[in-house]
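Some notes on the structure that comes next.
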Amino acid sequence: MKRRIVMATFVSLIAFASIAIAQVDDYRKIQTPSLHSIQIPQPKRIQLPNGMVIFLQEDHELPLIRGTANIRGGGRDEPAEKTGLVGILRQAWRTGGTATKTGDELDDFLESRSAFVETGADADSMSVNLNVLKGDFDAVFPIWVDLLRNPQFRQDKIDLAKTQANTSISRRNDDPGSILGREANKLGYGPGSIYARQTEYATIAAITRDDLLAFHKRFVYPNNIILGFVGDFDSAKLEKKLRGTFASWPKGPQAVKPAFVSNPAKPGLYFVSKEDVTQANIAMVHPGILRNNPDYYAVEVMNTIFSNVFSGRLMQRLRTQRGLTYGVGGGIGAGWDDPALFTVRMATKSGTTLESVAALKNEVAGLINTPFTPEEMSLAKEAILNAYVFTMDSRDKALSQQVLLEFYGFPPDYFAKFPAQIQKVTADDVTRVAKKYVHPEELAVLVVGNEKEFEKPLGTLGNVTTIDVTIPEPGAKPAASGSASAPAATAAPAPVASAEGLALAKKVLAFVGGKEKVDAMQTVRYTESRVLNTPQGEMNADVTTTVKAPDMVRQEMTLPMGTMTSVMTPNAAFAITPMGIQDLPSSARASASGEMKIDFFNVLRHVDDPKYSFAIVGTEKIGDVTTQILDVNADGAHAKWYVDPATGKVLRRARVAAGPAGGEIVTDFTEWKAFGGITFPTASTSTRGGEKFSQVKVTNVEVNPTVDAAVFEKPKS
Amino acid sequence: MKIIQKTMFLLFIAISVNAQDLASFEKKTTVKKLDNGLTVIVMERHDAPVFSYVTLVNAGSAQEITGYSGLAHMFEHMAFKGSDRVGTKDWEKERTALAKVELAYAAYDRARRAETGRDEAKTRELEKSWRDAMADADKYVVNNEFSTIVDRAGGVEMNAGTAEDMTIYNFSMPSNRFELWAWLESERFLRPVFREFYKERDVVMEERRMRTESNPFGRLIEQFLTTSFVAHPYGVPGIGWPSDLQTFSATDAEAFFRKYYVPSNMVIAIVGDVNAAEAMPIIEKYFGRLPKAPAPDPLRTVEPKQIAERTVTLKETSQPIYMEGYHRPAATHPDNAAFDVISMLLSSGRTSRLYKSLVRDKKIAAVAAGINGFPGSKYPNLFVFYAVPTPGHSAADVIESMRAEIERIKSEDVSDDELKSVKTRVKGGLLRQLDSNEGLAEQLASYQTLYGDWRELFREVDRIDKVTAADVRRVANETFLPTNRTVATIESTRPAAPKGGAK
């Protein structure tokens, strides 16, 4: 009996397959007519004298209007100790209402009209959007404008946003994919990176309403905003309305991109234990590239060959052929204004974790050692080129693209030129970029899962660094930015500004000469001779630095190879070198701004400024003196001063260096002398990261010298 | 060949938006029912030279029988494996090799699951024969040829989904690839070949591990559904039970396909740069080949009335989640519109009652909302309330406030303003769905399948417009009863998460 059933099954398969209705030819014989040339119109671009850029795109298909104000400034601009500020800001921006309408009143007004005014934020931008039925535009537009310019950030809504943020924190380890994403980011960028910082209860608690108002005030200006409108309106009329609304808004400080520091983790294996799962999640990361890299097009082709669903190598081999996974993908990331990461991700049952790590590594190595076949090349290029029509398939998309290009400073025809660039890519190009940008030996490999159920312990593959993702309790200091694991129990509390701290700061002020004299010092010129410890050995430098309060610095440094002059002011940042005049990158500006804030005399001029705070955080014996350690917060810039409490003399200063090398710079002041009634440190030695760094001897100080304004201006060349 | 054309100008007057735009939209829709019973809808939008389609089969995981859970979804995976002309190096040889795989598997499976007289050595031998047969059949496979053809032609967003009520297949193509699309889509349902079936079972197991087993919401929802439904297949997870997933065969999947993938049980909606008059002959040429077959027998089991409250509690290291569900009738029931109104009143937007009470005022939940029509809507289903407690709060903390809002709906008439706001938002919501080829294709196919008429997409808004405060109250009182309730919670075994010191 069993045999008969089995035979019946066998027969049915054959019978089924031979039902012949095949009057239709093979698909390869189907003619492909040429594509209809329907052009989506490009939006109209307008620039106001105050710098605001506006894009308008009419679309009369439906009686809807959508508009977005895209604002420069986002999560990457938060101070590290207030990570999560922009998330709170985004929520409270809308829910906190305007001066005339609370958020709840806005809810009633808007929802009863099926209208939306909402806010958005990410790492580099914020947005205020409106989405309304055409007939309600005139009623809702003023609300959108008011909310954009005058959010009230009412405290009750800040508290609500904090509760939401804390809820997310408490749940962030519940899903393995979420752990994987966060920790992989930290490994790829570095844990303190502006793209990998982690919100904690402590950082959320530290955020105040003043912080939100200050952040809004720092960025929301017409010269930092790109408006985009699409929908059922008349462009001429809307343009008139927008000009009328925004043209009189004065310019403000230009948003400056913060310094980006790439500090990827050492290559190797990293592990997060999670026991309530039946699957391991795997990620492999190292730094990637920028979008404006001319190799980007070859990289796109490579990524397609590698990771296209289902036809790419990863899916074909790890899912279809081996059944190891449901989801696998990755490639070289290309960031718009900072490098992204090379990432691959995969999930597999716990019992095939090590096998999958090996298989995935093999595929990454395969990008370098397995030639790209003509078939792979032609499929990838055709797929990209034939699908290109979808990048431009709606008026809405055309608008978003122009806003994107404007935001990142790419030319408006960047996307239009894309197909021609892809067309040019050869197998040699793809081979070259794979070797150049994919480095299997540099990968940080992260596994999140239940090791008890792996086929073998992870350690059999090599040394494993275990990452502790325990969520620090509120009140604990957030994990130090240099370490991946930070046990919460022993963390020191964050410094709290205190009266004692302020008193000590004032003692320092008294030591150097007192408030009146220091306030009167508007310009100072130092002449120094320095010995610098560089990888090339010791180098002598003569340095003349002119500082004009509050925010201008000129430094001339004469080294054996020549003189370099750098100037930094709110209006200019440039260097004059033997090679000519160069503008300094925004990263240099950002770190210079921090340096100016934490400058010794700048701090002393601001002891009474609420943005500057002081706290005593400990003691330290230096020589015979038990100094008090004064934590200085200069409007976001930090240093520690080791002060002799008897005299107010600063014996040592410690500061985390800006720039790619990082590390702590510790400066010991060995001599103080008076010039023009003010006492200056005139001799010091510094170490960086514990290594010898420099010795400085100040040979002269001029207080309030006559300075030609031209020295702070860029020469005509 | 029947062509049903649209003249629905009356409809637009009912909706308080610009009637002219909707009318021009609606004029561009053509419906045709082929001789074999297949329904095809073409809606023209010539903004860009692209089109999107959805093939909707009126069968989902609810059609599965005991021992074969997950089969509908499994077939959906198989629909990407090609046919006798796509995905093979040599169909004649492959066909024979695949038949041998089935024979070998049947023998191995019988031995593996024998309840008495098990012979382990023999079982292992049969397993080896089966694996050898698979390795042999694999030699003839051209991996992923179907999707490669689509990719090469510029197709994007290729996807498929299996729900309890239906299975859908979709992607978008440049509009000059219409005939290629018709060839591929008809071919995959004309002569699908179940190659690499057993490897794909492993892939689906990974999907289950990802969606259900390794995720707290996934685990909770599976427990919630199996507890809420004692008889009807809505209580069986669509992804399938592990033992079923590791047992069913290609032959089983083929049987499911033959029973349910019949043209009279399928709707195809195409939206975009397609000219209906030119497209219909092509559709007829390719899809007319699908053999006419009897419509499958409708589902027999009806969930019996729930007469006692049920509770299921998961104790986990993850954070608490709360949900409770009440049985409600199928979407075709006249009270459906009242349920939509209740859902919006309670949980849509910041003016909703659950948001105001639990999220905004009491701050005991970060999210508090309702889901109307869970896990499906074709059959009697559930109205679900859920809440994500804030740190320091448990599921028990949110119950009282949740129930208080439910009681309010039962005991107080909803205000005119609230009702008006809901109705305006429903209309606004519909409007915003009309500007996407993909979205429209899915809506048209869904409404055509559920109601037999895609126009119900618009009529539904009409019905919601007529709902009164009395309707809302009556339906709430009939539905939100303790005896009709199933509660599912995650209780955290971690010490209460700190309240965060937020100040």
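Consider B:Leu444 carefully, then state whether it is of a type in the set (A, V, I, L, M, F, W, C) and more than 10 Å from chain A (Cβ to nearest Cβ).
yes
From B:Ala48, B:Ala72, grab the single residue that is buried (at least 22 other Cβ atoms within 10 Å of the Cβ) and in a loop (DSSP other than H, G, I, E, B).
Matching residue, one of B:Ala48, B:Ala72: B:Ala48.
Which of the residues spanning the stretch A:588-627 are in contact with a Gly (Cβ under 8 Å, 6 or more places away or on another chain) and either among the small types (Gly, Ala, Ser) or within 16 Å of A:Pro681 (Cβ to Cβ) (or both)?
Once the filter is applied, which keeps residues that are in contact with a Gly (Cβ under 8 Å, 6 or more places away or on another chain) and either among the small types (Gly, Ala, Ser) or within 16 Å of A:Pro681 (Cβ to Cβ) (or both), the stretch A:588-627 yields A:Ser591, A:Gly594, A:Ser613, A:Ala615.
List the number of the failed condition for B:Arg191; all other conditions in (1) under 25 Å from A:Ser37 (Cα atoms); (2) touching a residue at least 40 places away in the same chain (Cβ under 8 Å); (3) of a type in the set (Lys, Arg) hold.
B:Arg191 satisfies every listed condition except (1).
Being more than 20 Å from A:Leu446 (Cα to Cα) and either without any contact (Cβ under 8 Å) to a residue 24 or more places away in the chain or aliphatic (A, V, I, L, M) (or both) narrows it down to one of A:Ala347, A:Ala334, so name that one. Walk me through how you get there before you give the answer.
Details: A:Ala347 fails: more than 20 Å from A:Leu446 (Cα to Cα).
Checking each option against the conditions leaves just A:Ala334.
Can you tell me which of B:Ala163, B:Ala111, B:Ala121 is modelled with pLDDT of 95 or more, over 22 Å from B:Val193 (Cα atoms) and assigned by TED's automatic domain parsing to the domain that holds B:Lys199?
Every option except B:Ala163 fails the conditions.
If only one of A:Gly268, A:Gly288 is on the phi > 0 side of the Ramachandran plot, touching a residue at least 60 places away in the same chain (Cβ under 8 Å) and under 27 Å from the mean Cα position of the chain (by Cα), which one is it?
Selected residue: A:Gly268, the only one of A:Gly268, A:Gly288 that is on the phi > 0 side of the Ramachandran plot, touching a residue at least 60 places away in the same chain (Cβ under 8 Å) and under 27 Å from the mean Cα position of the chain (by Cα).
Quick one: B:Asn36 ticks every box in (1) surrounded by 21 or more Cβ atoms within 10 Å (Cβ to Cβ); (2) within 12 Å of chain A (Cβ to nearest Cβ); (3) at pLDDT 95 or above bar one, so which box is it?
Of (1) surrounded by 21 or more Cβ atoms within 10 Å (Cβ to Cβ); (2) within 12 Å of chain A (Cβ to nearest Cβ); (3) at pLDDT 95 or above, only one is false for B:Asn36: (1).
Determine whether B:Arg118 is without any contact (Cβ under 8 Å) to a residue 40 or more places away in the chain and of a type outside the set (Val, Ile, Thr).
Judged against the criteria, B:Arg118 is a match.
Give me the pairs, please: first residue somewhere in the stretch B:265-293 and β-branched (Val, Ile, Thr) and surrounded by fewer than 21 Cβ atoms within 10 Å (Cβ to Cβ), second residue anywhere and part of a helix (DSSP H, G or I) and modelled with pLDDT of 95 or more, beta-carbon distance under 7 Å, and either six or more positions apart or on two chains.
B:Ile282/B:Phe178; B:Ile282/B:Glu179; B:Ile282/B:Ala182
Test each condition in (1) in contact (Cβ under 8 Å) with a residue 40 or more places away in the chain; (2) under 28 Å from A:Asn704 (Cβ atoms) for A:Asp609 and report the one that comes out false.
(1)
Residues of the stretch A:357-377 being under 31 Å from the mean Cα position of the chain (by Cα) and touching a residue at least 60 places away in the same chain (Cβ under 8 Å), which ones?
Residues satisfying the conditions are A:Val357, A:Leu360, A:Lys361, A:Val364, A:Ala365, A:Leu367, A:Ile368.
Given the criterion away from chain A (no Cβ under 14 Å) and in contact with a Ser or Thr (Cβ under 7 Å, 6 or more places away or on another chain), identify the matching residue among B:Arg118, B:Arg112, B:Arg124. Reasoning before the result, please.
Numbers: B:Arg118 fails: in contact with a Ser or Thr (Cβ under 7 Å, 6 or more places away or on another chain); B:Arg124 fails: in contact with a Ser or Thr (Cβ under 7 Å, 6 or more places away or on another chain).
The match here is B:Arg112.
Among the residues of the stretch B:195-205 satisfying the criterion of being surrounded by 24 or more Cβ atoms within 10 Å (Cβ to Cβ) and not basic (Lys, Arg), which is nearest to the other protein chains (Cβ to nearest Cβ)?
As a first pass, look at the stretch B:195-205 and keep what is surrounded by 24 or more Cβ atoms within 10 Å (Cβ to Cβ): B:195-197.
Within this subset, residues satisfying the condition of being not basic (Lys, Arg) are B:196-197.
Values: B:Glu196: 7, B:Phe197: 11 Å.
Applying the filter and picking the extreme gives B:Glu196.
Could you say whether any residue in the stretch A:217-236 is surrounded by 16 or more Cβ atoms within 10 Å (Cβ to Cβ), free of Cβ contacts under 8 Å to residues at least 12 places away in the same chain and polar (S, T, N, Q)?
no
Every residue in the stretch B:206-239 that is outside any helix (DSSP H, G or I) and either within 11 Å of chain A (Cβ to nearest Cβ) or under 18 Å from the mean Cα position of the chain (by Cα) (or both), please.
B:Ser214, B:Asn215, B:Phe229, B:His232, B:Val236, B:Pro237, B:Gly238, B:Ile239
Filter the stretch B:304-338 for residues that are under 23 Å from B:Leu354 (Cα atoms) and among the polar types (S, T, N, Q); which is nearest to the chain's Cα centre (by Cα)?
Going through the qualifying residues, I end up with B:Asn336.
Go through the stretch B:424-503 and tell me which helices (runs of 4 or more DSSP H), entirely inside it, have 1 or more residues that are of a type in the set (Ser, Thr, Tyr).
Where helices (runs of 4 or more DSSP H) fall fully within the stretch B:424-503 and carry at least 1 residues being of a type in the set (Ser, Thr, Tyr), they are B:437-451, B:469-479.
Across the stretch A:191-200, what is the total count of residues that are of a type outside the set (A, V, I, L, M) and within 14 Å of A:Leu446 (Cβ to Cβ)?
Residues that pass the stated criteria total 1.
Being under 17 Å from B:Arg209 (Cβ atoms) and among the small types (Gly, Ala, Ser) is the filter here; which residues of the stretch A:325-350 pass it?
Result: A:Gly327, A:Ala347, A:Ser350.
Can you pull out the strands (runs of 3 or more DSSP E) entirely within the stretch A:43-108 that have at least 2 residues that are in contact with a Pro (Cβ under 8 Å, 6 or more places away or on another chain) and touching a residue at least 24 places away in the same chain (Cβ under 8 Å)? Write out each step before concluding.
Details: elements: A:44-47, A:53-58, A:64-72.
Output list reads A:53-58.
Tally up the residues in the stretch B:460-471 that are out of contact with any Pro (no Cβ under 9 Å at 6 or more places or on another chain) and within 10 Å of B:Ala337 (Cβ to Cβ), please. Even if it seems obvious, please write down each step before you answer.
Residues of the stretch B:460-471 out of contact with any Pro (no Cβ under 9 Å at 6 or more places or on another chain): B:460-462, B:464-471.
Right, trim to within 10 Å of B:Ala337 (Cβ to Cβ) and you get B:460-462, B:464-467, B:471.
Count: 8.
Condition (residue is surrounded by 22 or more Cβ atoms within 10 Å (Cβ to Cβ) and over 30 Å from A:Tyr201 (Cα atoms)) applied to the stretch B:384-399: is it met by at least one residue?
yes
Do we find that B:Gly218 is touching a residue at least 24 places away in the same chain (Cβ under 8 Å), among the small types (Gly, Ala, Ser) and within 25 Å of B:Tyr169 (Cα to Cα) in this structure?
No, not satisfied.
Which residues, taken from the stretch B:264-280, are of a type outside the set (A, V, I, L, M) and within 13 Å of chain A (Cβ to nearest Cβ)?
The answer is B:Gly272, B:Asp273, B:Asn275, B:Glu278.
I'd like the residue in the stretch B:376-415 that is part of a helix (DSSP H, G or I) and of a type in the set (Lys, Arg) and, out of all such residues, is nearest to the other protein chains (Cβ to nearest Cβ).
Across the stretch B:376-415, the extreme among qualifying residues is B:Arg408.
Given the conditions (1) modelled with pLDDT of 95 or more; (2) more than 30 Å from A:Ala123 (Cβ to Cβ); (3) touching a Ser or Thr at 6+ places or on another chain (Cβ under 7 Å), report the number of the one that A:Ser311 does not fulfil.
(1)
Which of the residues spanning the stretch B:394-423 are in contact with a strand residue (DSSP E or B) (Cβ under 9 Å, 6 or more places away or on another chain), in contact (Cβ under 8 Å) with a residue 60 or more places away in the chain and of a type outside the set (A, V, I, L, M, F, W, C)?
Selection gives B:Ser394 alone.
The values are calculated or read from the model by the stated rules, or taken from the named source; none is laboratory data. For clarity, every value in this text was computed on a predicted model and none was experimentally measured. Neighbour counts are summed over all protein chains in view; Cβ atoms, including those assigned to glycine, are modelled from backbone coordinates with ideal geometry.
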